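Report on the structure given below.
Bear in mind these aren't lab numbers, they're just calculated from the coordinates by the rules spelled out. All values derive from a computational prediction rather than experimental measurement. Counting neighbours? That spans all protein chains shown, and the Cβs are built from the backbone with ideal geometry, glycine included.
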Amino acid sequence: MAGKNRTGYVCSECGHREPKWLGRCPECGQWNTIEEEATPRGGRRSGAAGSSRSGAPPRRTGSDSQSAGGERYARGTGRPIPLEQVSAGEALRLPTGIAELDRVLGGGAWLGASALIGGEPGIGKSTLMLQVAGRLAADASVLYVSGEEAAGRLKVRAERLGVAAERISVLTSADLDTVLASLEEVTPSVIIIDSIQTLHSPEAGSTPGSVNQLKYCVFELADWARGRGAALFLVAHVTKEGAIAGPKTVEHMVDSVLMFEEAEGDTRILRANKNRFGATDEIGLFRMSAEGLREVPDPSALFLVRREGMLPAGVVVAPVYEGSRVLLVEIQALTAPAKGGVSRVFSDRIDRNRVSRVAAVLEKHAGLVLNDQDLYINVAGGMRIAEVGVELPLALALYSARTGKSVPSDIAATGELSLAGEIRPVGALERRLRAASEHGFARTLSAARVAPGEEVSADWTGKDTIRAALKVVFDGH
């Protein structure tokens, strides 16, 4: 009996453990996330500090390990050292050769850091990683671990993408012990795991993709990369809701969490949900082609719909600030009589709570009746917007849709709305005005004041309240 595994139940969302199965997790409140899991008796827990893997090659520490940039990583000293004696510098950062990816990562891949990349099936995660391997292989050794594709398939895809095979080693295995042994043998500067859900280890028990397996494998790989000064990329599956599959603990273990999204047509958007070495509001824009992912050099008007004549009712153009650049997007609104007397909000590109709040401001301060209407909100091109500058154009779009009055085609709008009906200033107004002007918009409507500490030389149409803004747009004064 001593050698048998114990059976427990673990929540796949938060990692909470229970001795018996439950329909709802008492920790996170999610339904049907409790899964059965076998834990080996006497086996060590994933993430135990100072533990060693039986049968695995010994790990190098301190002076044995040296990164591609020449920095040594002191590991396992067992004693604290003064922070002032710790060496840090830009040499630790390794540019990937793909500018849009470097932008999202904060300037490149950090040696010794790990990045988790998730996205829908077929969106281009493996394509991006193979292109990254090809670019990085010019300056660093790369190990590409594939648990889903055969080596022959990788070779065919690499040839189609024009990826040079020099200095790229390929391992097709889903066994963690085999992967770690290969890492000790090859000692790469860049490691790509495609995908983390396929890896498994007998020490973690259960089946590949389970909570224990994911936590165990991610910890071991991230720990190896951190100790050797290697950049680690982990490709991850997503759930039907679009979140990274597995417990949130996995996202805490890595340094960056990137999400690949599909916009309209062949456009792909890369976002950072977490980034210890950079901002999380930057986005990377790509187009999928037969030759792989191609960067979008000038994305400012990528999501802008060109029309002749007047705009349809319910359409407003907004310059939104994403990271370090301005994108012009088209906000679309539609109102329809509510079915059953209960109004609903349908919006997957702008947060529904924001739409409801803006609608309430219009009802209170502009006298627009929306409580008997279903509200449908869209952003042309499939762009998802979270910044506050979208609130004023969203209000104009809702008013236009409800009244049937079109917004003049030469007007763009940006601004935040307060619950008191005031228009609050947004940051980077100068850049927003310049982007709108460059693409043919004669007027940009925003707050009458600028954000504290900002100087704006360009002209714009400034109003203090939503009522005044509606008058200038729809009544011409």
Suppose a student asked you for the relative contact order of segment 315-475, using Cα pairs under 8 Å spaced at least 6 residues apart; what percent would you report? 24 percent
If amide H atoms are built 1.01 Å from N in the plane of the peptide, which residues on other chains or at least 5 residues away come under 5 Å of the amide H of Ile117? Leu234, Val235, Ala236, Leu258
Just want to confirm a number: the relative contact order over the chain, from Cα pairs under 8 angstrom separated by 6+ residues, in percent. 12 percent
Taking the Cβ of Val170 as the centre, find all other residues whose Cβ is under 14 Å away and add up their charges (Lys, Arg: +1; Asp, Glu: -1). -2
Note on segment 92-295: contact order normalised by length, alpha-carbon pairs under 8 Å, 6 or more apart, percent, works out to 30 percent
Whole-Hz Karplus couplings 3J(HN,Hα) for segment 105-116, θ = phi - 60° and coefficients 6.51, -1.76, 1.60, Gly and Pro as x, run 6, x, x, x, 8, 7, 5, x, 10, 10, 10, 9
Set Lys and Arg Cβ to +1 and Asp and Glu Cβ to -1, take the dipole of the chain about its Cα centre, and tell me which of Val86, Tyr9, Ser418 lies farthest positive. Tyr9
Beta bridges per DSSP with both ends in the chain, % antiparallel, nearest 5: 55 percent
Neighbour-count order for Tyr216, Tyr9, fewest beta carbons within 10 angstrom listed first: Tyr9, Tyr216
For Ala451, list long-range residues whose amide hydrogen, built 1.01 Å from N in the peptide plane, is under 5 Å from its own amide hydrogen. Val426
Taking the 0 to 90 degree range and rounding to the nearest ten, how far is the long axis of helix 125-136 tilted relative to the main principal axis of the chain, both from C-alpha atoms? 70 degrees
What shape does segment 393-449 take by its C-alpha gyration tensor, where a ≥ b ≥ c are the square roots of the eigenvalues and a/c under 1.5 counts as rounded, a/b above b/c as prolate, and the rest as oblate? oblate
With just the Cα atoms defining each centre, how far is segment 264-287 from segment 173-241? Give it in Å. 23 Å
Go through [x] 79, 52, 50; [y] 98, 58, 42; [z] 125, 53, 46 and flag the label whose value is the computed Cα extents along the principal axes in Å for this structure. [x]
If the only charges are +1 at each Lys and Arg Cβ and -1 at each Asp and Glu Cβ, what is the size of the charge dipole of the chain around the Cα centre, to the nearest 20 debye? 800 debye
Surpassing 31 Å at the alpha-carbon level, of the pairs Lys240/Lys274; Lys274/Lys471; Lys339/Lys364; Lys125/Lys215; Lys20/Lys274; Lys240/Lys405, are Lys274/Lys471; Lys20/Lys274; Lys240/Lys405
Using a 10 Å cut-off on Cβ atoms, rank the peptides 298-304, 255-261 from the highest mean neighbour count down. 255-261, 298-304
Dipole of segment 194-327 [Lys/Arg +1, Asp/Glu -1 at C-beta], most positive-end residue of Pro312, Asn212, Leu285: Asn212
Order of Val342, Val361, Val329 - criterion: other Cβ atoms within 10 Å of each residue's Cβ, fewest first: Val342, Val361, Val329
Mean ellipticity per residue at 222 nm, deg cm²/dmol - from DSSP H runs of n ≥ 4 across the chain, formula -39500 (n - 2.57): -7000 deg cm²/dmol
Between the Cα axis of helix 391-403 and the main Cα principal axis of the chain, the angle (0 to 90°, nearest 10) is 50 degrees
Cα centroid of segment 395-459 to Cα centroid of segment 107-124, whole Å: 35 Å
With a 10 Å Cβ neighbour count serving as the proxy for reagent exposure, in which order, fewest first, do Met383, Met288 appear? Met288, Met383
Amide H contacts under 5 Å for Glu322, restricted to residues at least 5 apart in sequence or on another chain and with H modeled in the peptide plane, are Leu327
Longest principal axis of the chain (C-alpha) makes with the long axis of helix 211-228 (C-alpha) an angle, in degrees to the nearest 10, of 80 degrees
About its Cα centre, what dipole magnitude does segment 92-295 give when the only charges are +1 on Lys and Arg Cβ and -1 on Asp and Glu Cβ, stated in debye to the nearest 20? 220 debye
Which whole-Hz ³J(HN,Hα) couplings does segment 450-463 yield from phi under the Karplus relation 6.51 cos²θ - 1.76 cosθ + 1.60, θ = phi - 60°, glycine and proline marked x? 9, 5, x, x, 9, 10, 10, 9, 6, 8, 8, 8, x, 9
